[in-house]
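Asker: Below you'll find the structure I mean.
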Amino acid sequence: MLGLLLLQVLASCHWLGHSKVETPFGSCNQFFYARVPPNNALNPKNPAWICQHFRNSYHYATLYDRDRRIPVYSAYKYRPRSTEKPPEWWMVEPQLIDEKVDLEDMGRESDLIAQHHFTLEQIEESQAVLDDYKGLKDLDLGCLNPSGHMESRESKMATFSLTNVVPQDSVLHKGQWNIYESKTMPQQTKDCTITYVITGAVPGSTDIAEGRVNRPSHIWSAACCLVGTKPTSAWGAIAENDKNQVENLSLGKLEERLTELYGGPVTLFDNACPRQ
Ligand SMILES: *[C@@H]1O[C@H](CO)[C@@H](O)[C@H](O)[C@H]1NC(C)=O
């Protein structure tokens, strides 16, 4: 009896120690400036807070919308580095299948099925899978946290989780959004010691994969730049997900736009990040 009790205690501690889909961002609030995530106005009805874990570390944080099977946003520290392109292994999140599953890392669908005895049906039920993105015309897999903004090979690989992906207009993805990620961001962050980024997608009224996955109406991104430890500037960008156009705007203006789009007062960063 005592043995059984001890076993239960051990099992639950073990589970706590390894949990990664958490409320809200327990193990990975370091990816938000001052450890403050956006306010609740962005929360969907059925959220999952994912600390994106891959090969022994946390790489970024994602708020996931279980009903629409797309991320609400991904949050990360901007550390761009161009290295050899990592393998594009698209992965899924086992803890969306079952929060108690003792498997920290994201993994490829085939590996979860072959090595961890999940079924494809279980994975499909809990999240978007690669099949949902097959044969799409005019839409790409758009990573909210792009691999180019990550430093190490492991953190670049970790961006290829489908929990970090939305159906994004192909022309926007390869065009102006890519310019924002690869040209505007390096310019704006020239003098920053560290830059915190939150990139999100506003749910749209259309979908793909026979209604399984929402097609967002807008993609947006916000950044807060620190010089030393002090936030000195912040900015935002937003694009409609069917036009090759990105609008630059202040953090304050972006929050106003998102407040209209989400229907509630949106705060993305801690108050210390300049709104002007
Ligand atoms: C947005 O700002 C960046 C950096 O200041 C600039 O290079 C870019 O042309 C601007 N884009 C638009 C659409 O105004």
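Asker: How big is the chain by Rg and Dmax over its Cα atoms, in Å?
Answerer: Gyration radius and largest Cα-Cα distance of the chain: 18.7, 66 Å.
Asker: What's the long-distance tail for segment 135-188, i.e. % of Cα pairs beyond 18 Å?
Answerer: Cα-Cα pairs of segment 135-188 separated by over 18 Å account for 37 percent.
Asker: Scan the chain and hand back the longest stretch that contains none of the GluC sites (Glu not before Pro) lying in DSSP loops with at most 12 other Cβ atoms within 10 Å.
Answerer: So the longest stretch without any such site is 89-209.
Asker: Still on this model: What number, in percent, do you get for the relative contact order of the chain if the mean sequence gap of Cα pairs under 8 Å and at least 6 apart is divided by its residue count?
Answerer: Worked out over the chain, it gives 18 percent.
Asker: Could you tally the net charge around Cys143, taking each other residue with its Cβ under 12 Å from the Cβ of Cys143, Lys/Arg +1 and Asp/Glu -1?
Answerer: -2
Asker: Now, a different point. Going by alpha carbons, how many degrees (0 to 90, nearest 10) lie between the helix axis of 2-18 and the longest principal axis of the chain?
Answerer: 20
Asker: Along the Cα→Cβ direction, 7 angstrom out, place labels at Ser182 and Thr83. What is the inter-label distance in nm?
Answerer: Inter-label distance under the simple model: 1.9 nm.
Asker: Working out 0.36 nm times the residue gap between Asn248 and Lys45, then minus their Cα-Cα distance, what length gain in nm do you get to one decimal?
Answerer: 70.1 nm
Asker: Which FRET efficiency value, to the nearest 0.05, is calculated for Arg275 and Val227 with the Förster distance at 25 angstrom and r the Cβ-Cβ distance?
Answerer: About 0.90, to the nearest 0.05.
Asker: Calculate the FRET efficiency for Lys134 and Asp102 from the Cβ-Cβ distance with a Förster distance of 25 Å, rounded to the nearest 0.05.
Answerer: Working from the Cβ atoms, E equals 0.20.
Asker: In debye, nearest 20, what is the charge dipole magnitude of the chain about its Cα centre with +1 on Lys and Arg Cβ and -1 on Asp and Glu Cβ, if you could check?
Answerer: With only Lys, Arg, Asp and Glu charged at Cβ, the dipole is about 940 debye.
Asker: Quick check for you: with a 1.4 Å probe and neighbouring chains kept, what is the accessible area per residue of the chain, in Å²?
Answerer: Numbers: 13170 Å² over 276 residues.
Accessible area per residue, the chain: 48 Å².
Asker: Could you point to the residue in Gly148, Ala114, Leu136 farthest towards the positive end of segment 105-162's charge dipole, with +1 and -1 charges on the Cβ of Lys/Arg and Asp/Glu respectively?
Answerer: Farthest along the dipole direction, towards plus: Gly148.
Asker: Among the aspartates and glutamates, which fall within straight-line cross-link reach of Lys85, defined as a Cα-Cα distance under 13 Å, with same-chain neighbours fewer than 8 residues apart omitted?
Answerer: Glu151, Glu154
Asker: So, one more: What net charge is computed for the residues neighbouring Cys192, neighbours being all others with C-beta under 14 Å from the C-beta of Cys192, Lys and Arg scored +1, Asp and Glu -1?
Answerer: So the environment of Cys192 carries a net charge of +3.
Asker: In degrees from 0 to 90, rounded to the nearest 10, what is the angle of the helix 251-262 Cα long axis to the longest principal axis of the chain?
Answerer: Approximately 60 degrees, to the nearest 10.
Asker: Okay, next question. Given a Förster radius of 22 Å and the C-beta distance between Thr119 and Glu154 as r, what FRET efficiency does 1/(1 + (r/R0)^6) yield to the nearest 0.05?
Answerer: Working: r = 28 Å, r/R0 = 1.27.
With R0 = 22 Å, the Cβ-Cβ based efficiency is 0.20.
The values are calculated or read from the model by the stated rules, or taken from the named source; none is laboratory data. On a predicted model such as this, the values are computed, not experimentally measured, just so you know. With ideal geometry, Cβ positions are generated from the backbone for all residues, glycine too; neighbour counts draw on all protein chains shown. Accessible surface areas use protein heavy atoms only, side chains included; no ligands, DNA or RNA. Shrake-Rupley method; radii C 1.70, N 1.55, O 1.52, S 1.80 Å.
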